[in-house]
Amino acid sequence: SDLVHKEPPKQAITQQQVTTPTEVLTSAERLQVQQQRQFFVDSELKKIKKKLQAKLDQQKAEAKRIYRENAQKIKDAELDRDNKNWALQLDGSLTDKEYQQRFDDLKKDSAEKRKIALDKRDATINKAQKDFAATLEKSRKELEQQAKKEITKPDHNFKQTDLHKDYREKLLA
């Protein structure tokens with residue numbers, strides 16, 4: 001009875017791979033596809049660059065604003081400490097030589113603090129510029145990959161004048 005109820009072994013179904021005939025492009029069509037891809041990448045990259053440039057400009061302005069605020073705080077603290085030292089000299093607690101030494105130390109300290117704040121501002125700006133360049137390059141690579149996947153046939157609506165117009169704008173910029 002066990003033999004009767006057993007199902008016969010299933011035969012493996014071989015799947016036949018269906019190959020679609022690939023359309024062979026002529027050299028003129030390949031050139032047009034390349035131009036279409038380049039035009040797509042350039043035009044999209046221009047949009048991205050405009051947005052990234054606005055962000056970069058904003059980051060630079062913010063770094064400069066923070067530096068100005070810090071420099072003003074340093075200047076105010078320097079003036080406050082100098083006024084205290086001047087008051088000590090006037091009441092006789094400090095000699096002219098001691099006052100001058102404190103004044104020189106105060107100027108050096110303030111200059112060091114301003115230099116640190118300036119270096120921090122420059123580092124922030126440099127990082128923002130590097131981020132801008134890296135993001136732009138990453139976007140360019142992504143757009144090129146997208147263009148390779150999406151633009152595979154010549155588009156009959158694409159005109160050479162579109163491409164040349166874009167390059168003329170680049171040259172004039």
Length gained if Gln146 through Lys75 is fully extended, taking 0.36 nm per residue and subtracting the Cα-Cα distance, is 20.2 nm
The summed charge of the Glu78 Cβ neighbourhood (under 9 Å; Lys/Arg +1, Asp/Glu -1) stands at 0
With region 29-173 reduced to its Cα atoms and the Debye formula applied, log10 I(q)/I(0) at q = 0.13, 0.17, 0.19, 0.22 1/Å amounts to -0.75, -0.97, -1.07, -1.23
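Laboratory data are not the source of any read-out in this text; all were calculated from the coordinates shown. Just so we're clear, the structure is a prediction, and the values are computed from it rather than from any experiment. All Cβ positions, even for glycine, are placed from backbone atoms using ideal geometry, and neighbour counts span all protein chains on display.
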